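One structure is given below, encoded as structure tokens.
Where a number appears in this text, it was derived from the coordinates with a stated rule and is not lab data. Please read these numbers as outputs of a predicted model, since none were measured by experiment. Virtual Cβ from ideal backbone geometry, glycine too; neighbours counted across all protein chains shown.
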Amino acid sequence: MNIQHINNSIKAQKSTLLQHPLYNKVKTIEDLHIFLENHVYAVWDFMSLLKALQARLTCTTTPWFATINPETRYLINEIVLAEESDLTLDGKHQSHYEMYIEAMEACGADTNKINLFLSEIQSLQNIFVAIKKSDLHPNIKAFLDFTFRVIEEGKPHEIAAAFTFGREDLIPSMFFAILKKFQEQFPETDLSKLIYYFERHIELDADEHGPMAMQMIKELCEEDAQKWTEVKEVSVLALEKRIELWDAIEEIITMKVEMA
């Protein structure tokens, strides 16, 4: 088994995501706000997957000791550098999560709910209890629960699978077209930071982080058939959870329209 086999195994789920009816439901700035206010959880938990991999593949404690594979150490550290400290539109350095939050604020989306959720996690010191207690849509709860189960229980190659397959490269070009159209239709709404975030994230995924993450999977699995099987299983599940997340956002937008 290899990367090509994994890609073939998840082709149906990727197609479902890229053609999801959610995109056609985003017709107003209010719809866009709903999308952002719910998608932000995927942006945040992506950072958690990233740091879980760094903790597993590098030495983040003292005294320092060299980890077994210097290649995976290099790959994850390179990805972390940009994901956690990328260059913003106005020349600062921020994580992609912080960039997303600023983009939400700039276009008028509500960040209170995600901020309260993160505060609750810090207060409870238990991510699973915080997810269960939250009033998030059940699909979003399931999405987050899956991510943190993989982080807590998964082996490095399984965490890498959840990180690599089925994340932000699944936002289609159609979504960029919607954002740019909105910027023309609603010039009073500042979408510049949001457009920059998506363009930057997809550019990095395509040119640098995507190939690096694939190489990391190869390094972690090598010729171990069991590891490749586990990568495939986690990848399929991660994409199914992402489809359910998209279903939830579509449902919330549809309910808003019907109640109007």
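Numbers for the structure displayed
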quantity: Inter-probe distance in nm under a simple model that places probes 7 Å from Cα toward Cβ, at Asn7 and Gln125; calculated: 4.6 nm
quantity: Net charge contributed by nearby residues that have their C-beta within less than 11 Å of Ser85 (K/R +1, D/E -1); calculated: -3
quantity: For the stretch 73-87, Karplus couplings with θ = phi - 60° (6.51, -1.76, 1.60), whole Hz, Gly/Pro x; calculated: 4, 4, 4, 5, 5, 5, 5, 4, 3, 6, 5, 9, 9, 7, 7
quantity: Three-way shape call for the stretch 67-136 based on the alpha-carbon gyration tensor, with the a/c threshold at 1.5; calculated: oblate
quantity: Distance from the stretch 21-67 to the stretch 192-236 (C-alpha centre basis), Å; calculated: 13 Å
quantity: Kirkwood Rh (inverse of mean 1/r, distinct Cα pairs), the stretch 166-259, angstrom; calculated: 16.2 Å
quantity: Rg/Rg_ref, the stretch 117-218, where Rg_ref = 2.2 N^0.38 Å and atoms are Cα; calculated: 1.36
quantity: Electrostatic dipole magnitude of the chain [Cβ: Lys, Arg +1; Asp, Glu -1; Cα centre; debye, to 20]; calculated: 420 debye
quantity: Descending semi-axes in Å of the chain, equivalent ellipsoid built from Cα gyration tensor; calculated: 30, 20, 19
quantity: Dipole moment magnitude, nearest 20 debye, the stretch 68-205 about Cα centre, only Lys, Arg, Asp, Glu C-beta charged; calculated: 420 debye
quantity: Over the chain, relative contact order from alpha-carbon pairs under 8 Å, at least 6 apart, %; calculated: 34 percent
